[in-house]
Amino acid sequence: MSNAITMVEAINLALRSEMQRDSSVIVLGEDVGVNGGVFRATVGLRDEFGLKRVLDTPLAETMIAGLAVGMAAQGLKPIAEIQFMGFILPTMEHLIGHAARLRHRTRGRLHCPMVVRVPFGGGIHAPEHHSESIEALFAHIPGLRVVIPSSPARAYGLLLAAIRNPDPVLFMEPKRIYRLNAQPVENSGEALPLDTCYTLREGDDITLISWGAMIKETLEAADQLAQQGINCEVIDVVTLNPIDHQTMLASVAKTGRCVIIHEAAKSGAVGAEISATLAERGLLNLRAPINRVTGYDTVMPYYRMENHYMPNTADIIDAVKVTLEFS
Amino acid sequence: MKYFKLPDLGEGLPEAEIVEWMIKEGDSVTTDQILATVETAKAIIEIPSPQDGVIAHLFGQAGDTIHTGEPLLEFTGEDDDSGTVVGELKQASANPTADHFFIGAAPSTQAYSQKITPFVRSLAERLNVDTGNLLGNGQDGQLTADDIERLAKIDRTHRKAEPLRGVRKQMARNMALAHARVVPVTLCEDVDINAWAISEDITIRLIHAVAAGCHLEPALNVWFDDQQLARRMLNPINLGVAVDTDQGLFVPVLRDIGNRSLQDIRAGLNRLREDVIQRTIPPAELQGCSITLSNFGTIAGRYASPIVVPPTVAILGAGVIREQVVPIAGKVVIRRVMPLSLTFDHRVVTGGEAARFMRAAIDDLAKESIS
């Protein structure tokens, strides 16, 4: 297919498209301008839009976040890139203390239409801080949207939605699948809806819930299970905050069984929130306890142990079988 | 590397002319494998490959001049310009697939509405009651224990309900659809077939009669699209022939009956029947029918209101051949007659068209012989 592009190319396409459409959109971050981004997500933008709209910042994440909050409060639409999720921690003061509550603090007089784009997740043999998956810290914050795409076409539509959203959005990009699964993506300028789950595969034996790069392993597990006659419904949560419990509850009502898959460490993760709500509001339909396939409660290890830490397709299949055997 | 640039071939020579390529685009090459011979001002030189790889593109043909430092050829594989120095990203290699997703819940989830508590569910399992898609008498359609016990009692008193399968399930669906959409009118008439030979092939005569009807009134050999309100006039007459088996009703399709010899039609019909009975009939043979024939006269029945199944618009039913007392020229005679019932969809076909079709079919059937 001639216009099949990967996720990172789709992100580039969305950025360029929206910058053409809306002159208040600014891109800023480390190495995003002249270098085009360490993953080439912002390649070509500096040449097309110039240095007033594509800013190479100093190596200072707190400043990047603060700059974005100020720009957004004053009418621009900044898209700040934090180079790896491990480096997002200094931005939390601005994101949580200010961006997420600006509308609330000013009673609507000001709002903060900023996007923070950050590659996240492991599986790329990178050193410390470059494989973090700490979405739970941000999904916990009222007023801060957390959005995670899992395919090129959806990355395009969801990023457009994030940019156009009048409130702050943390757009987390699963870098392990940045260059996998090229797909045809039309540069239509159409945004996809936020605040809703996406059902990627229909089935009635068990519901598999996941997001980010783990969607790849989840779909692979669903394919293999289908060959054994087990039909999985696969739901991509996409927006972790505010989360669409409705779709997940309805699916579990139909299937009666659920396995949640995420790369992040188990305790206190978003999977725990989903599990609690399913138990609270969907208990009557459950035929087995909700199972979670996750990373371990440790720091992400280095290269050789990385594959052991990250959940894989076989782990997901085992969890499904255990759940099905329960009753 | 991605681009292999012409190296300095010695003594500061600025360019070289390609004499011959030893490889072509798409070839796999190994380190030091000779890629090409080039001619400089001084000599003819072989160029070895700097690495293993697959050749994506050659930047020149034999006879072209390449300057030192210019790209000579391009390797496929890892994009050199991936930017990051930290970590390694896997490249896409599989075939590109289109995106597929539902926003929110899947259609089957949205349609699902059964409410049942774990207690009631386990009761249903113990009493061997299939709850299926039932709604109960509890709040919001919830299934209660009473519902389960009532269903169990029905199952004890009568046989368990078996879900319909295969052809029967299809028939239930198709007939409900037909009932919802078609506006049927049935025209009945008797045909005097007294002139026929004793061993006349009844089905062949009926098939021939349908063809005769369609030739006169092609308006009954159409497909009707009720969404677009469009009528598709069909050229070959593909006759669906109803075949009764113990699994249920099959309607295999005899193609192009208007243009085939009678022997050919009989052979085709026999083959279709055999395939149906042996359950070897491929799905393609059950599709594409433009008009249908139902000869229930082989069993019992006189007149009927056979059902038109969309997208067709007509079906001819033939009942049991009987001896009938008829008045002819004031005298009482006994004749063999065959009852016909023609149902047509009045959204598409007029009474006049149907009646003329019937007339043509009757005239054809009344003939002594057609061969």
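Read the figures in this text as sums done on the coordinates, not as results from a lab. Predicted model, so just to flag it, every value in this text is computed and none were measured. No Cβ is skipped: glycine too gets one built from the backbone with ideal geometry, and neighbour counts run over all protein chains shown.
Global size of segment A:91-144: 14.2, 46 Å for Rg and Dmax (C-alpha atoms, Rg to one decimal, Dmax whole).
Of the Cα atoms belonging to segment B:233-359, the radius of gyration and Dmax stand at 16.5, 54 Å. Mind checking the log10 I(q)/I(0) for segment A:69-228 at q = 0.09, 0.13 Å⁻¹? Debye, one equal scatterer per Cα, no solvent, two decimals. Here the Debye-derived log intensity ratios amount to -0.33, -0.67. Looking at segment A:116-248 alone, DSSP beta bridges between its own residues are antiparallel in about 30 percent of cases. Thinking of segment B:110-230 as a set of Cα atoms, what percent of all their pairs are more than 19 Å apart? Of all Cα-Cα pairs in segment B:110-230, 72 percent lie more than 19 Å apart.
Panel order for A:216, A:266, by other beta carbons found within 10 Å of each beta carbon, from fewest to most: A:266, A:216.
The rule of thumb for compact globular proteins, 2.2 N^0.38 Å, goes into the C-alpha radius of gyration of segment B:1-51 1.14 times. Across segment B:297-347, Cα-Cα distances exceeding 18 Å account for 47% of all pairs. Between their Cα atoms, which of A:254/B:115; A:266/B:90; A:216/B:90; A:52/A:77; A:175/A:216; A:254/B:160 are more than 19 Å away from each other? Exceeds cut-off: A:266/B:90; A:254/B:160.
Can you give the angle from 0 to 90° between the axis of helix B:351-366 and the longest principal axis of chain B, with both taken from C-alpha atoms, to the nearest 10? Taking Cα atoms only, the helix is inclined about 70 degrees. Summing charges over all other residues whose Cβ lies under 13 Å from the Cβ of residue B:335, with Lys and Arg as +1 and Asp and Glu as -1, gives 0. Remark: mean inter-chain Cβ contacts per residue of A:177-186 equal 5, using a 10 Å Cβ-Cβ cutoff to other protein chain atoms.
Hey, what does the equivalent ellipsoid look like for segment A:139-227, semi-axes from the Cα gyration tensor as sqrt of 5 times each eigenvalue, largest first, whole Å? Spell out each step's value before the answer.
Values: eigenvalues 119, 54, 30 Å².
With the √(5λ) rule applied to segment A:139-227, the semi-axes are 24, 16, 12 Å.
For the pair residue B:175 and residue B:127, the difference between a 0.36 nm per residue extended length and the Cα-Cα distance amounts to 13.9 nm.
Take the Cα atoms of segment A:155-292, build their convex hull, and give its volume per residue in Å³.
With only Cα atoms used, segment A:155-292 gives 124 Å³ per residue.
Here segment B:286-371 is treated as a sphere whose radius is the Kirkwood value from Cα pairs; by Stokes-Einstein at 25 °C and 0.890 mPa s it diffuses with a coefficient of 169 µm²/s. In terms of its alpha-carbon gyration tensor, segment B:146-185 comes out prolate; a/c meets the 1.5 threshold, and the first ratio a/b outweighs b/c.
For a test of the definition: using alpha carbon positions, the gyration tensor, and the 1.5 limit on a/c, classify segment A:4-143 as rounded, prolate or oblate. It comes out oblate by the Cα gyration axes. Using only Cα coordinates, the Kirkwood hydrodynamic radius of chain B works out to 28.5 Å.
Extents of segment A:1-84, taken as max minus min of Cα coordinates on every principal axis and listed largest first, are 42, 26, 19 Å. Share of pairwise Cα-Cα distances greater than 12 Å in segment A:192-231 is 62 percent (whole percent).
Show me the ranking of peptides B:314-321, A:316-323, B:26-33, A:229-236 by mean Cβ neighbours inside 10 Å, starting with the highest.
Values: B:314-321: 23.4, A:316-323: 19.0, B:26-33: 12.2, A:229-236: 21.9.
So the peptides B:314-321, A:316-323, B:26-33, A:229-236, ranked by packing, come out B:314-321, A:229-236, A:316-323, B:26-33.
Phi angles of segment B:271-287 translate, via the Karplus equation with coefficients 6.51, -1.76, 1.60 and θ = phi - 60°, into HN-Hα couplings of 5, 4, 4, 4, 4, 5, 5, 7, 6, 9, 6, x, x, 4, 6, 9, 10 Hz per residue; Gly and Pro are given as x. Normalised by 2.2 N^0.38 Å, where N counts its residues, the alpha-carbon radius of gyration of the protein assembly as shown equals 1.37.
Note on chain A: along the principal axes its Cα atoms extend 61, 47, 39 Å, ordered by decreasing extent.
Per residue of peptide B:109-118, the mean number of Cβ atoms on other chains within 10 Å of the residue Cβ is 5.
Computed over segment B:192-250, the convex hull of the alpha-carbon atoms projects to a mean area of 6.7 nm². Sort out for me the Cα centre separation of segment B:246-311 from segment B:1-69, rounded to whole Å. Between the Cα centres of segment B:246-311 and segment B:1-69 lies a distance of 69 Å.
With the simple spin-label model, which puts each label point 7 Å out from Cα in the Cβ direction, the residue A:104 to residue A:220 separation comes to 4.1 nm.
When the Cα positions of B:307, B:167, B:290 are compared along the charge dipole of chain B, B:307 comes out farthest toward the positive end, with charges on each C-beta of Lys, Arg, Asp and Glu.
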